[in-house]
Amino acid sequence: MALCLLASLWIVAVPWRGAIAQERTALLMDGKSSLYQRVLTRPGAAIHVAPDGNAPASADVQPLSMFFVYDRRLADGSDWIEVGPASTGLPVGWMPAAMAIDWKQTLTVAFTNPVNRDRALFFRDRDYLLDLIESEMLVPTVDGYRDSVSRGAVPADSPLVSIEPATHIDLTENFYLLPILDYDYAYFETGFSSLVLQVAAATLHEPVDDPLKRGLAVELVESQGDLMQGYRAGVVFVVDTTTSMGPYIERTRTAVRSIYRQLAGSPWGDRVSFGLVAYRDDLTTTPGLEYVSQVYANLDDGRSEATFFNQIARVEPASVSSRGFNEDAYAGVLAAIRDIDWTGYGGRFIVLITDAGARAADDPFSATRRGGGQVRLLAQENGIAIFALHLLTPEGRQNHEYAAGQYTALSHWPNVGSLYYGVQAGALDTFGDRVDGLAGALVSQVATAAEGRLTDVTPDPPDAGADQAANELEARTAMIGRAMQLAYLGRAAGTEVPRLFDSWVADRDLINPSLKTLEVRVLITKNQLSDLQATLLAIIEAAEQTRIAPRDFFRQLQSAAAAMSRRPEDIASGDVRRLADLGLVGEYLEDLPYQSRIMELTEDDWLSWSFGQQREFLDDLEAKLVLYEDLHDDTDLWIALGVDRVRGDAVYPIPLDALP
């Protein structure tokens, strides 16, 4: 059951032709059996009743409308396409092919936050960009381009087409598409590799500005002071409240009380708010723990010092011990993401405080059934950064390495690094210094915003009295603050992608290719996400049913795939050696510059794996299933493109890493 976009972003009535029209099927993509030709419309596109420039237009079309192609024709020296809203049904008319972008795949890219890298450059020609990346003159050439852009003096014949905006574009606030039309590979002299992507920018309306004709500095600071006046920060502490955490709970209270006192005398004190979520562990075997997670103070409570401390006065360590050493930290973080209203906060920060590891997705006592990767992705999709303060107490020394790996991954931020800090020996004084410093740094970002400035990320000389990890955390905290401010500015200013263009761009920073400029995503509908869930569930159920006889796994999957397919005879009679051969999601992921882990799984691979390896594979799929439930239910993430969209056709650009 290949996944394809089955509905248009815009619907128009089919002109009456005097007879009942016969339903038709869209053209297939070359070499495909279930993926149909699609296009995205450019601004100014219109539907015509015939492939003729003189034919009247029956309706205008919104930019970004998605259509299936039913016919292609050359008329009066121009290419025309006949289009319709679905892969089967009735076409609605014709449009010039030049007013549409062929979209062979549903891959698109999104800009990463530009906080710690240079802005992406877009070039007219693939070969030029490939040669540039592999040239000894890469750095001076790129510096020259950036200098010409900063002076607004890019020549008309420059190979440079456009440049990424200075501030971050929030997909949920100002949706855009950069669909991948083609790709190639390039290799830097430093050894890094990069995908060179041909993309076509498309927005909901034609941008009025050309970033190549204005200076970089002017673009970033123009009206910045006024816009930054609305920047607010929310900081939610997620605290382990099991028996060993008493002194740390109290020290956290002290740190927040100190911050409130500083805020009380400042003109921007009302722009910072605190919240607190407590968590413990599974109640089935230890009901005396009272809760798995609980919100004690939300950000609305935290706008008042008195209300905040009245709410958290009830936070005390548990009176009974939990089962084992790991606690359900992910339940606490998930509660902070889901149950806290982050609306109106440009800076969104979670500070996790714990002395133990987290219940993993496959842990039978996990309340969330989620892994750290899924929780982190959900946080970042909602614009939230996670810090982790891990108390390395002597009692937990056998758990330290395991937990540090979990929290390093949980707190990772793209192009910045991990926001993890391990407090050696669980020293209360050291912990207090880190909480004070972290809370103070997050609050200071509001102060710089109130002055109309971005947080300075120029590193200060290392503090001789602090350890290297503390210095790194301080530097990364500043970068995260600046990232939040850039995202806020982008939303406040309505930053858009540059003018519509077809061009080539590297997915890595040209000067520092260890940093990603673009994140690959797959545009899917809510209905398609449900299909993907059904596919993974079929794989998991087939594996569970054949646990004793693993050789029957692929045969069981073949039966499931035939039941789910529109052409079961093709699957039932075919030679199934890979999951991709089943047609569950094969064509959907084929021919892409990124490979699916599950599609390449062969029957020989499955049989060669130990039971533990098979279980790990299935646990990963189960964790993704739960993630898909989160994404499906998060209404803020889904974008309805066009006025006539039905609920299941709302789209979401899911990160490629979230796919199986």
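Given their separation in residues at 0.36 nm each and the Cα-Cα distance between them, ALA59 and ASP76 gain 4.0 nm when the chain is fully extended.
If R0 equals 25 Å, the separation of the Cβ atoms of ASN512 and GLN424 corresponds to a calculated FRET efficiency of about 0.20. With a Förster radius of 30 Å applied to the C-beta separation of ASN174 and THR307, the computed FRET efficiency comes to 0.30. A straight Cα-to-Cα reach below 14 Å connects LYS32 with the aspartates and glutamates ASP570, ASP581, GLU587, GLU590, ASP591, residues fewer than 8 places away in its own chain not being considered.
At the residue level, ARG314 shows approximately 130 square angstrom of accessible surface with a 1.4 angstrom probe and all protein chains present. Rolling a 1.4 Å probe over the protein heavy atoms of segment 327-461, with every protein chain left in place, gives an accessible area that is 49 percent carbon and sulfur. Carbon and sulfur together cover what percent of the accessible area of segment 230-291 at a 1.4 Å probe radius? Roughly 52 percent of what the probe reaches on segment 230-291 is carbon or sulfur. Once C-alpha pairs closer than 8 Å and six or more residues apart are averaged by separation and normalised to the residue number of segment 316-396, the relative contact order reads 37 percent.
Across segment 543-557, computed HN-Hα scalar couplings (Karplus, 6.51 cos²θ - 1.76 cosθ + 1.60, θ = phi - 60°) run 5, 5, 6, 10, 4, 6, 10, x, 5, 8, 4, 5, 5, 5, 5 Hz from first to last residue, x flagging Gly and Pro. Heavy-atom surface analysis with a 1.4 Å probe gives segment 105-161 a carbon and sulfur content of 47 percent of its accessible area. Annotation for THR286 and VAL320: the two label points, set 7 Å from Cα along the Cα-Cβ direction, are 1.0 nm apart. A crude spin-label estimate for the pair GLU451 and PHE192, with each label 7 Å from Cα along the Cβ direction, gives 3.2 nm.
Accessible surface for segment 222-333, divided over its residues, is 41 Å² per residue with a 1.4 Å probe.
Once you divide the Cα radius of gyration of segment 20-90 by 2.2 N^0.38 Å, the number left is 1.13. Distances between placed amide hydrogens fall under 5 Å for HIS48 paired with SER58, TRP94, MET95, all partners being 5 or more residues away or on another chain. Peptides 159-171, 622-634, 43-55 ranked from most to least packed, by the mean per-residue count of other Cβ atoms within 10 Å: 159-171, 622-634, 43-55. Rounded to the nearest 0.05, the FRET efficiency derived from the C-beta distance between ALA98 and ASP125 at R0 = 22 Å is 0.65.
The values are calculated or read from the model by the stated rules, or taken from the named source; none is laboratory data. Note that the structure is a prediction, hence the values are computed from the model and not measured. Using ideal geometry, Cβ is built from the backbone for each residue, glycine included, and neighbour counts are taken over all protein chains shown. Just the protein is used for accessible areas: all its heavy atoms, side chains included, with ligands, DNA and RNA removed. Shrake-Rupley method; radii C 1.70, N 1.55, O 1.52, S 1.80 Å.
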